[in-house]
Amino acid sequence: MDSTRRGSTRRDDDALLAEQRAYYRDGAAQYDRPYARYRNLQDLLAAADGLPIAGDVLELACGTGQWTAKLAGRARSVTAVDASAEVLALARARTAPHAVRFVEADLFAWQPPCRYDTVFFAFWLSHVPPARLPAFWDTVAAALRPGGRAVFVDDGPGAAAYEEVLADQPVPSALRRLDDGSRYRIVKVFHDPRTLAGDLTARGWSVGIRALGGNYIGVAEPPAGAG
């Protein structure tokens, strides 16, 4: 990719990511509704009890803490990161009985200050622009201790039926609406589990991904010596 095209791609990414951050800030009060409304999300939360969550855990894009509370009940420690102060306030209230360390930071600029046994992210991978995926996986690998694992949950291709997918966009996108009528574009990449597993394997990761309804759950270990 030449420098002009790289610059254009980064500008497209930056503009869309800024809009995405605004959506989650402005819509924090609406964030939890799908968890009460949709059985598949309740099933996914229940499935978290069987995931290999252990030791010191780093949660990326923790949102309002739906998953953070689950993690904190099983981990030695939890550090939860999100770019939105509004959702972090809700997450702190939800996890009040637990000693969770919350960090407000842009995940595309923030670097973990130490290493962890588990890096967890739910419904975040689909919000990472494709051009930034290699760097994202490198960050995850660098954040893991030897023997550590990445555990992730997200929407598969079948979930596209429930989104207002935008066609002909430079970055895969969907439209989200808030109660006040405001509209925001977000990054939305519906990874096929087999393709995602193949891509990670090609990067040297050991990975297993299983479908659960229209979603998927993945567990992956980085290449030996990564980070």
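The charge dipole of the chain, taken about the Cα centre with unit charges on the Cβ atoms of Lys, Arg (+1) and Asp, Glu (-1), comes to about 340 debye, rounded to the nearest 20. Descending by average beta-carbon neighbour count within 10 Å, the peptides 20-26, 67-73 line up as 67-73, 20-26, the highest first. With N the number of residues in segment 3-221, Rg(Cα) / (2.2 N^0.38 Å) evaluates to 0.97.
Put in line by how crowded their Cβ is, counting other Cβ atoms within 10 Å and starting with the fewest, Leu178, Leu51 read Leu178, Leu51.
Convex hull volume of the C-alpha atoms in segment 85-175, normalised per residue: 144 Å³. Long-range amide H contacts for Arg145: which residues qualify at under 5 Å (H placed 1.01 Å from N, peptide plane, sequence gap of 5 or more or a different chain)? Amide H to amide H, under 5 Å and 5 or more residues apart or across chains, Arg145 pairs with Tyr116, Asp117. Taken over segment 154-227, the convex hull of the Cα atoms encloses 134 Å³ per residue.
Seen from Ser126, the other residues with C-beta closer than 12 Å to its C-beta sum to a net charge of -3, counting Lys and Arg as +1 and Asp and Glu as -1.
Annotation for segment 28-76 versus segment 138-160: alpha-carbon center distance of 14 Å. For Ala91, the shell of other residues with beta-carbons less than 11 Å away shows a net charge of -3, using +1 for Lys and Arg and -1 for Asp and Glu.
Bear in mind these aren't lab numbers, they're just calculated from the coordinates by the rules spelled out. Keep in mind that this is a model prediction, so the values were computed, not measured. Glycine also receives a Cβ, built like all others from the backbone with ideal geometry; neighbour counts cover every protein chain displayed.
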